[in-house]
Amino acid sequence: MTQNSTKLSLTLKIFIGMLAGIVTGALLQAIFDDSGDRVFNLLGMQVSTYGIFVEGIFNVGGTIFINSLKMLVVPLVFVSLVCGTSSLSDPSKLGSLGGKSVGLYVLTTCIAVSAAMIIALIVQPGAGFTQPATTDFVAKESPGLAQVIINMFPSNPINSMAEGNMLQIIVFAVLFGVAISMAGEHGKRISSFFNDVNEVIMKIVLIIMNLAPYGVYFLMAKLASTINLMDIGAIAKYFFLVFFVLIAHALITYPILLKVFTGLNPIKLLIKMKDTAIFAFSSSSSSATLPITMSTARNKLGVNRSVSSFTIPLGATINMDGTAIMQGIATVFIAQVYMVDLSTVDLLMVVLTATLASIGTAGVPGVGLIMLAMVLQQVNLPVEGIALIIGIDRLLDMTRTVVNVTGDCTVACIVANSEKELDTDVFNDMNIDKKA
Ligand code: ASP
């Protein structure tokens with residue numbers, strides 16, 4: 001009973017941390033505005049209250065929290081994927097598992113970006129908007145399909161881990177796990193070692209989750225004390241359109257897909273996503289949220305480890321529907337501002353580039369804008385257009401990261417269900433939080 005109430009209160013504590021952070025930040029912004037920032041002399045040094053709170057306490061606390069989550073990503077993905085693949089009764093299942101996961105991720109991204117562009121073409125967020133824009137953004141070449149495939153195979157797995165290259169880590173871990181299952185007695189010993197390590201890593205995830213209320217507080221306080229909501233005013237139509245399509249994708253597209261493919265109740269999935277959503281929202285990074293997403297998929301949604309350890313890290317890298325939605329709308333918006341007509345071929349090019357770009361790019365804050373630069377370049381739109389939307393991108397980044405992780409969990413449930421690796425009792429149990 002005591003344990004139950006402690007578990008229950010963690011979600012509540014994280015939520016309170018988030019709200020308290022927003023209130024603190026908003027108050028500080030109100031005080032700091034109009035040079036409310038106080039500079040005083042501390043032991044002979046000039047210190048400002050802004051420096052102490054925003055750049056000091058909030059920044060240090062928030063960064064330590066994010067780094068602690070990121071610290072776990074490589075060991076967690078590697079170890080749990082080795083455990084997951086080595087425990088597969090039939091390793092040839094990996095082919096269908098991989099095919100279904102990649103297929104669904106690409107499908108949802110294509111739906112996201114196409115729907116976003118169609119809605120933007122109807123609503124016309126950039127019509128009648130003229131604003132000269134400048135930016136330092138330099139567009140990188142979008143990766144070709146051949147390069148994306150070549151880049152998945154590591155020449156040096158230690159280097160892949162050092163760089164956190166998720167796709168390369170996945171390929172190596174899968175191979176390692178399959179080899180373990182083929183190695184008889186030797187394999188069994190290694191496999192039990194990895195299972196023990198996995199349990200230990202999950203304990204670290206638990207420790208960090210317990211610190212989440214504070215981490216989330218610092219992150220939100222820093223954000224709320226620095227963000228300028230007035231910036232939304234000028235491009236409110238773009239902002240709210242992206243926001244609306246993001247919410248619609250999470251609340252309509254995913255539930256429909258889940259219902260059609262599995263018959264399960266999508267509301268349950270959405271409710272069980274709440275912790276993961278708060279992490280994604282406050283960190284703006286699906287990579288940093290990965291430990292939490294994996295634990296939600298496994299412990300709350302009932303996705304067996306053999307599927308969750310593969311599909312969730314894969315999704316954190318290649319599945320960015322929220323980001324694709326922003327890119328689709330931003331491209332149409334910038335084309336309208338610069339009065340460029342996009343042909344059907346251009347629109348298809350946007351779908352293709354946005355999908356390919358999301359496959360080769362890990363989910364970290366702000367990466368969506370870098371991918372947008374590739375897309376704009378591909379259809380010959382001025383990359384300077386990004387300057388129009390950069391000011392308010394942080395808020396949209398937070399929201400689209402929530403959509404990205406919700407997509408990862410939805411696809412994981414669909415794939416697990418089709419592979420008979422979904423524990424529907426766990427999925428349907430709304431008290432699982434308390435039991436875990
Ligand atoms: N922050 C997003 C993520 O990590 C990526 C983006 O849209 O910038 O999923």
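Quick note: the coordinates plus some simple rules give every number you see, no bench work behind them. Everything numeric in this text was worked out from a predicted model, so none of it was measured.
Data for the structure
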{"read-out": "Descending principal axes extents, segment 272-392, alpha-carbon based, whole Å", "value": "50, 28, 19"}
{"read-out": "When each of K13/K203; K188/K300; K70/K222; K13/K188 is checked by Cα-Cα distance, pairs over 30 Å", "value": "K13/K188"}
{"read-out": "For segment 397-436, convex hull volume per residue from C-alpha positions, Å³", "value": "80 Å³"}
{"read-out": "Anisotropy class of segment 339-378 from Cα gyration tensor, a/c 1.5 cut", "value": "oblate"}
{"read-out": "Cα coordinate range in the chain, projected on the principal axes (Å, largest first)", "value": "69, 62, 43"}
